[in-house]
Amino acid sequence: MDATANLPPQTRGLTVTARRAAETLAISLGSVALSALLFSVFLLLLGKSPVQFFQLVWTGGFGSAFSIQNTLQRSAPIILTALAFAIPAIIGLTMIGAEGALVLGGFVAAITALPLIAAGAPPLVLLPLAAAAAMVTGAALIMLVGWLRHARSVNETISSLLLTYIAIATMNFFVEGIFRDPASANKPSTMPWGKENMVGAIPGTDVHWGLVAGAVLAVALWLLMSRTTFGFAARVTGGNPRAARAQGLPVGSIILTCTALSGACAGLAGFFEVAAIHGQANASLVAGYGFTGILVSFLARQNPLAIVPIAIVFGAIEASGGLIQRRMGLPDATSALLQGLIFVMLLASDALYGRLPLFREREGA
Amino acid sequence: MTLHTLNRRTLLKTGAAGIGAAMLPFGLPRLAAAQEALTIGVVYVGAKDDFGWNQAHAVAMEILKATPNVTVVEEENVPETDACAKSMESMINIDGAKLILGTSFGYYTPFMLDLAAKYPDVAFRHAAPLWKDSDPANAGSYFCYLNQAHYVDGVAAGLSSASGKIGFVAAKPIPSVLSNINSVLLGARSVRPDATVQVIFTGDWSMPVREAEAANALVDAGCDVLTCHVDGPKVVIETAEARGVKSCGHNASQAPLAPKGFITGAEYKWETIYTMYADMLAKGEALPNVVVGGYHNDMVRNTAYGAGATPEAIAAADAAIAGLKEGKPIYVGPLKDNAGNVVIDKTYDNYDPYLDGMNYLLEGVIGSIT
């Protein structure tokens, strides 16, 4: 009786959750508003109108059916690469190798499909196989980093970054060598799949199915990380690996599982770049989606569910970036500056958690 | 006024609230103004001021902007992914562009081809010789044979160099790059038979650190003139100037970067093509699917001679330009590659398709493509 009295009653648990959510929302929105304000000052110093700028962000990102599709299309790969960063981050690993897993996964998907296409396999057979090949490749790459971390204490940030360079160089080596389509003289590429073998658009839109895959995976991974015993063990590991080990948690297999999931997400992003966009592998796969994903995941505070809307906001900023260049004569770096400001503000705002009186837990509440 | 109403309707429909309506007063005047003029959209893969490939196009667009009734909308740093398709589509849907110029190799397949099929009323032109008869009729290619201007670079470099050793920093061993390297060699050898070109490939189009390393290595190897074929030659030219050797440019004018050692440079003259397109569209004429050229039709040029060019070099280079304008061939066969195999069996015209498949370095070039 005495022991349970010390536990918070059910209602109190709910208010704590609600208060935490409100705190996160308020601090995040506040930082975004503050970055927008700072950015407006910067625009005014340049003699440009902030009002026009934000109107153009709206027009270019959400202002018409075309703009919305443009935004969603751009956010599709970012959702997957953000998940690839978020899952290892939950167990305390700063894994920045999604770019490499995306590129290598895309390349392996591109060449896996070729013999199947030659053998006359229908898209319903070859696409899942190519996707699986991409996910296995991405998973293997990031698992290697996880294994090095666990078994050899190699810093995962450095090794995942360096493996990204190796992955890109490997792709280039094969694309410029034995897997080169002889017709691709000035831009070495693998043999094209042909439109009939590619992933189409979601009916009624221009947006490819990678968006749906990203959203579904985001929900699935959120459930896994927040509603299962595995997710609980992973979060404990992220909080304190030594304590987790002392509790008898299988830290090694948790690390390998999470890094495999991470690499599979990035590899899947690579699959969609090949299967829905390029129809072949070439240097265009190296588009920086893996690195944008890090930013999105940070802003989502590694919450898989929050990644989806934040990736869409980033898609909108990118989608409207062109319109801003065209209408306001601002350089391309302007959008990057805004993204950077938001990033710095959100990171700085981390210091505010637990300090705002409004959201602080009161004694006896 | 169909465009006007369409945009207004779309805005009202999707704005779904006051935000859409609030934008109308700001959005519409621009749209109304845009439709009176011909709007041309151009997409660059890098920065417009890269002292290279993109700047060469941007300089031409600045000239086009001065044309009455022509509005130019530009986007820089657009990657060769679906982002380029979306940028182009946005120019068509939001700005009303009637001609889309894609200036990076990877924009064409599949992005510009798909858009050409989707928007049959818009003309799409791409800056590489890729258009085929089976491609959409509203798509097309334009390209300039820059190797002709590199040949002139070679002539001027050969007579401005003390050692006869020219260094070449190259991106990738693909035909258009190899042709420029070989043309520099043939130009230099036309005035100095013992001239050599030493080449280092960096492996990619924009690798500033490796370009600097390659430039330094070439100077250390005894080269006293440097030139290059990378997207932005700034680093190579500045390194040459800092090391006290001469330089020849590529793509756009790099003369301001090397006040002491600049000889001349191979430059595109895209404005010849762009103003021709604008004139034809203004008259309502259909654009040709393929436009290629070089010195004979004013599509390439050499940068004004810098302090590094000797008087003999200037005279010989001017003569070489006059020869190219009359169609004098660069590849006078038979020619061997640097492994001793005859790779060019006879004399080829400067536009002969046989040369487009070049996959060798000629005898006199020090370096390897593998």
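The values are calculated or read from the model by the stated rules, or taken from the named source; none is laboratory data. Since we're looking at a predicted model, the values are computed, not measured. In this analysis, Cβ positions are derived from the backbone assuming ideal geometry, glycine residues included, and neighbour counts consider all displayed protein chains.
In the stretch A:331-341, is there at least one residue being surrounded by fewer than 23 Cβ atoms within 10 Å (Cβ to Cβ) and not in a helix (DSSP H, G or I)? Yes, the stretch A:331-341 has at least one match.
Listed here are the residues, each with its yes/no results for (1) crowded, with 23+ Cβ neighbours inside 10 Å; (2) touching a Gly at 6+ places or on another chain (Cβ under 7 Å).
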position: B:Phe143; (1), (2): no, no
position: B:Gln148; (1), (2): yes, yes
position: B:Val152; (1), (2): yes, yes
position: B:Val155; (1), (2): yes, yes
position: B:Ala170; (1), (2): yes, no
position: B:Asn180; (1), (2): yes, no
position: B:Glu211; (1), (2): yes, no
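Hey, among the residues in the stretch A:76-94 that are more than 12 Å from chain B (Cβ to nearest Cβ), part of a helix (DSSP H, G or I) and of a type outside the set (A, V, I, L, M, F, W, C), which one's surrounded by the most Cβ atoms within 10 Å (Cβ to Cβ)? Restricting to residues being more than 12 Å from chain B (Cβ to nearest Cβ), part of a helix (DSSP H, G or I) and of a type outside the set (A, V, I, L, M, F, W, C), the top hit is A:Thr81. Screening the candidates B:Ala252, B:Ala317 for the property of being crowded, with 16+ Cβ neighbours inside 10 Å and in contact with a Ser or Thr (Cβ under 7 Å, 6 or more places away or on another chain) yields one hit, B:Ala317. Checked across the stretch B:245-252, the condition of being more than 28 Å from B:Val70 (Cβ to Cβ), out of contact with any Pro (no Cβ under 7 Å at 6 or more places or on another chain) and not in a strand (DSSP E or B) holds for at least one residue. Close Cβ contacts (under 7 Å, 6 or more residues apart or on different chains) running from residues in the stretch B:77-89 that are in contact (Cβ under 8 Å) with a residue 40 or more places away in the chain to residues that are β-branched (Val, Ile, Thr) comprise B:Cys84/B:Val43; B:Cys84/B:Val78; B:Ser87/B:Val43; B:Ser87/B:Val78; B:Met88/B:Val43; B:Met88/B:Ile100. The set of residues from the stretch B:42-99 being part of a loop (DSSP other than H, G, I, E, B) and more than 13 Å from chain A (Cβ to nearest Cβ) comprises B:Phe51, B:Gly52, B:Ala66, B:Thr67, B:Pro68, B:Asn69, B:Lys98.
The residues listed here are B:Leu281, B:Leu324; of these, the one that is hydrophobic (A, V, I, L, M, F, W, C), closer than 30 Å to B:Ala37 by Cβ and not in a strand (DSSP E or B) is B:Leu281. Residues that are within 14 Å of the chain's Cα centre (by Cα) and without any contact (Cβ under 8 Å) to a residue 40 or more places away in the chain within the stretch B:107-130 comprise B:His126, B:Ala128, listed in sequence order.
Checking each residue of the stretch A:52-61 against the condition of being of a type in the set (A, V, I, L, M), crowded, with 21+ Cβ neighbours inside 10 Å and either closer than 30 Å to A:Ile142 by Cβ or in contact with a helix residue (DSSP H, G or I) (Cβ under 9 Å, 6 or more places away or on another chain) (or both) gives at least one match. Filtered by the rule that a residue be closer than 15 Å to B:Asp356 by Cα and in a strand (DSSP E or B), the stretch B:142-178 gives B:Tyr142, B:Phe143, B:Cys144.
Looking at the stretch B:258-302, which of its residues are more than 27 Å from B:Lys98 (Cα to Cα) and surrounded by 15 or more Cβ atoms within 10 Å (Cβ to Cβ)? Selection gives B:Ala258, B:Gly261, B:Phe262, B:Ile263, B:Thr264, B:Gly265, B:Ala266, B:Glu267, B:Tyr295, B:His296, B:Arg301, B:Asn302. Of the helices (runs of 4 or more DSSP H) contained entirely in the stretch A:208-302, those carrying at least 1 residues that are out of contact with any helix residue (DSSP H, G or I) (no Cβ under 9 Å at 6 or more places or on another chain) and free of Cβ contacts under 8 Å to residues at least 24 places away in the same chain fall at A:210-227, A:229-239, A:241-246, A:251-272.
When the stretch A:264-301 is examined, which residues are found to be more than 12 Å from every other protein chain (Cβ to nearest Cβ) and out of contact with any Gly (no Cβ under 8 Å at 6 or more places or on another chain)? Of everything in the stretch A:264-301, those that are more than 12 Å from every other protein chain (Cβ to nearest Cβ) and out of contact with any Gly (no Cβ under 8 Å at 6 or more places or on another chain) turn out to be A:Ala275, A:Phe291, A:Gly293, A:Ile294, A:Leu295, A:Val296, A:Ser297, A:Phe298, A:Leu299, A:Ala300, A:Arg301. When the test is whether a residue is within 14 Å of another protein chain (Cβ to nearest Cβ) and farther than 18 Å from A:Phe39 by Cα, A:Arg355 does not pass it. Of all the residues that make up the stretch A:307-337, how many are under 20 Å from A:Pro77 (Cβ atoms) and either modelled with pLDDT of 85 or more or more than 14 Å from chain B (Cβ to nearest Cβ) (or both)? Residues meeting the conditions: 16.
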